[in-house]
Amino acid sequence: MKKSELTPFRVFLISFLVLLAANIQHLMDPPYWDAILGVYNQGVWLYRHGFNFALLSRQPTYNEGGPNVTLFYALAPVFALLRCFFSPPGVFLSLHLFVLMAASFCLAIYYRILNQQMTAMLSVLWLIAAASNPIWSGQVASIYLEIPMSALLSLSAYYFWKKNYKQAALWCFLAYFMKSAAVLQAAVYACLSVGFIAVHCRNHPARTLDRSLLWLMLPAPLLLVLNHCVGGSVYIGSFVLHEIPDLVITSVLHIPYLYPTMAMEVVLIAGLLAFMRKRPADMPWFLFLLVFTAGFWSSFLIARFALVRYTVMVQLPMIALLAWLLADRPRLSAAVSGVLILLNLLNQHGQTLRPLPFFLGRSGDRLERSREYLMDLAANRQLCRLLEEKAKGEPIVAKWPFTQMLRVPEFGYVQRPYPVVIEVNIPPLLADTFKWQDFRSAVKNDQTLCIYSSSVFENVGPSLRPRPGDIILWADTTLRPPLVLFRRRWKEEELPVRMVR
């Protein structure tokens, strides 16, 4: 294939059509896991309260079970605006198409960069290696924040590569409004700009400084201040020094479960860097890829709450760095990219990954390691439809995110709010405290339906794991830990005390 035959626009168009075909059956999928608990919970609140951001700022935060995730996430008001014109399936379709376009845009941007260093065919192979990564591929099928944020960060990186630092800073700043994790790329820019200015002053004191470098320093302090003002969380500093070894060891032990292919890419990069003999022709771009990759993994390994889907933002820069290191060895480059593609395809649904621990087997933050979470999403939808059609409104005990699925029709799991949902999470989302007699009147004969799903929320509050005497009514076994609907007679001393209605 000649270099001129494949343009970035054609890569965008082909990528969009391929991703559309691969995800056609998921275009109506509702939000999943943290998308329910976070940004779209805020979107529903804005829709129901007339886009009242002032009132939103006074609502409970995400950690308290409330809708105040962050005032500046763009997809929350976008969700609310779409809901003004479309039914939930129409909203989801619009958001899925947006994510597919954002993913295709990422690939087109990096094709433009890679194709300056290697042939079109080799560039395409590396892009397939990135796009087929199970975590990246899984997020393309979702309507969460990582892919849209990555599109803006990719555009920012493109302008950095072009040495248009004003535009790089601008698009990095705007990426924050997709997700606050964009502050990491801003921090990389700040570090590089300081380094470039120091080198310039030392080597060329008489030469005028390229003032556009100063623009690269702006996003980091601005975003950190903005993040602090809206009560956002940046996990830097959320640990103390003596915890770092344990956090690193725990993260490394998670590699076989969550991201073995990415770990292999890191090892390959480290090995190639150790034997690198050439000086990069484009030192700023090389340093950006290197510092961004090192900075991401350094922060990821020591963060208490780093989720597997966060690795989406480093996948394309890491692939670009690996491709650059192999650019002068095209046969080896093709072989390495081919092996990565093969491993990725084998793990699209986690087929060869180590099984998750049973008590976390339905935990979306872990299942997003591949597209296997889509099986959990389908099971959740099936259960909610079953309850809506067959349960006749009897009380049901549930934990996050089933409380939201059953009570909020805008999330697409039910058509109307389920009448009585007893919340046993801490803190209870959307929950009110009722008098004891009101609760007892809702729970006749001390019996309720219960939902058991082995996730991180099962460790919070009373356990809903089935026990002797419970009556199993339905179970989904598409994943190793089943999703179970059962009936339980509660002992008086253990009756839950929170109810959503």
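Which percent, nearest 5, of DSSP beta bridges in the chain are antiparallel?
70 percent
I want the local charge near Ala475. Using Cβ-Cβ distances under 14 Å, sum +1 for each Lys or Arg and -1 for each Asp or Glu among the other residues.
Its environment carries a net charge of +1.
Using only the Cα atoms, what convex hull volume per residue in Å³ does region 251-335 have?
Here the figure is 100 Å³ per residue.
From the list (i) 28.5, 127; (ii) 25.3, 85; (iii) 24.3, 87, can you say which value of Rg and Dmax of the Cα atoms in Å was derived from the structure given?
(iii)
If you count only protein heavy atoms and use a 1.4 Å probe, how large is the accessible surface of Glu146, to the nearest 10 Å²?
0 Å²
Helix 8-22: angle to the longest alpha-carbon principal axis of the chain, degrees 0 to 90, nearest 10?
It works out to around 30 degrees.
Take the alpha carbon gyration tensor of region 70-219, find the square roots of its eigenvalues, order them as a ≥ b ≥ c, and report rounded if a/c is under 1.5; if not, report prolate when a/b exceeds b/c, else oblate.
oblate
What's the carbon and sulfur percent of the chain's accessible surface, probe 1.4 angstrom, rounded to a whole number?
64 percent
For a Förster distance of 30 Å, can you work out the FRET efficiency between the beta-carbons of Phe359 and Phe86, rounded to the nearest 0.05?
Here the calculated transfer efficiency is 0.20.
Report the extension gain between Arg480 and Asn445 in nm, rounded to one decimal, defined as 0.36 nm multiplied by the number of residues separating them, less their alpha carbon distance.
In short, 9.3 nm is gained.
Any idea what angle helix 330-346 forms with the longest principal axis of the chain, computed on alpha-carbon atoms, 0 to 90 degrees, nearest 10?
Between the helix axis and the principal axis of the chain, the angle is about 0 degrees.
Normalising by the residue count of the chain, find the relative contact order in percent from Cα pairs under 8 Å and 6+ residues apart.
This gives 15 percent for the chain.
By its C-alpha gyration tensor, with a ≥ b ≥ c as the square roots of the eigenvalues, how is region 238-385 shaped: rounded for a/c under 1.5, else prolate for a/b larger than b/c, else oblate?
Oblate.
Roughly how many Å is it from the Cα centre of region 248-271 to that of region 372-390, as a whole number?
33 Å
Kindly express, to the nearest 10 degrees and within the range 0 to 90, the angle between helix 219-229's C-alpha long axis and the longest C-alpha principal axis of the chain.
Orientation of helix 219-229: about 20 degrees from the principal axis.
Calculate the FRET efficiency for Ser57 and Met121 from the Cβ-Cβ distance with a Förster distance of 51 Å, rounded to the nearest 0.05.
Calculated transfer efficiency: 0.50.
Run the simple label-point estimate for Val456 and Lys491 please: 7 Å along Cα→C-beta, distance reported in nm.
The two pseudo-label positions are separated by 3.1 nm.
How many nm separate the modelled label positions at Ser463 and Ile244, each set 7 Å beyond the Cα in the direction of the Cβ?
Going from the Ser463 label point to the Ile244 one covers 3.8 nm.
For every helix of n ≥ 4 consecutive DSSP H residues, a contribution of -39,500 (n - 2.57) applies; sum these over the chain, divide by its total residues, and give [θ] at 222 nm rounded to the nearest 500 deg cm²/dmol.
After summing the helix terms and dividing by residue count, I get -16500 deg cm²/dmol.
How much net charge surrounds Leu153 when only other residues with a Cβ under 13 Å from its Cβ are counted (Lys, Arg +1; Asp, Glu -1)?
Here the count lands on 0.
Percent of Cα-Cα pairs more than 14 Å apart in region 334-416, please.
Value for region 334-416 (Cα pairs over 14 Å): 71 percent.
Ordering Glu64, Glu458 from largest to smallest accessible area (1.4 angstrom probe), what's the sequence?
These residues rank, largest area first, as Glu64, Glu458.
How much length is gained if the chain between Leu222 and Arg48 is pulled fully straight, taking 0.36 nm per residue apart and subtracting their Cα-Cα distance, in nm to one decimal?
Full-extension gain reported as 59.5 nm.
Expressed in nm to one decimal, what extension gain is obtained for the pair Ala391 and Lys166 from 0.36 nm per residue of sequence separation less their Cα-Cα distance?
Taking 0.36 nm per residue and subtracting the Cα distance, the gain is 75.2 nm.
Provide, in order from the shortest bin, the percent of all Cα-Cα pairs of region 112-172 in each 5 Å bin, continuing until the bin that contains the maximum pair distance.
Reading the bins upward from 0: 4, 17, 18, 20, 21, 16, 4.
If r is the Cβ-Cβ distance from Met276 to Ser212 and R0 is 35 Å, what FRET efficiency results, to the nearest 0.05?
Efficiency for this residue pair is about 0.75.
Just add up the charged neighbours of Cys450: K/R +1, D/E -1, any other residue whose Cβ is under 9 Å from the Cβ of Cys450.
+1
Compute the accessible area per residue over region 246-350, keeping the other protein chains in place, probe 1.4 Å, unit Å².
In whole numbers, region 246-350 has 44 Å² accessible per residue.
Which of the three applies to region 11-90, rounded, prolate or oblate, going by the alpha-carbon gyration tensor with a ≥ b ≥ c and a/c under 1.5 meaning rounded?
Since a/c reaches 1.5 and a/b is larger than b/c, the shape of region 11-90 is classed as prolate.
Please work out the C-alpha center-to-center distance from region 101-144 to region 1-63 and express it in whole Å.
Taking the Cα centre of region 1-63 as reference, the centre of region 101-144 is 18 Å away.
The values are calculated or read from the model by the stated rules, or taken from the named source; none is laboratory data. Remember, predicted model here, so these are calculated numbers, not experimental data. Cβ coordinates were reconstructed from backbone atoms using ideal geometry, including for glycine residues, and neighbour counts include every protein chain displayed. Calculation scope for accessible area: heavy atoms of the full protein, side chains included, ligands and nucleic acids excluded. Shrake-Rupley method; radii C 1.70, N 1.55, O 1.52, S 1.80 Å.
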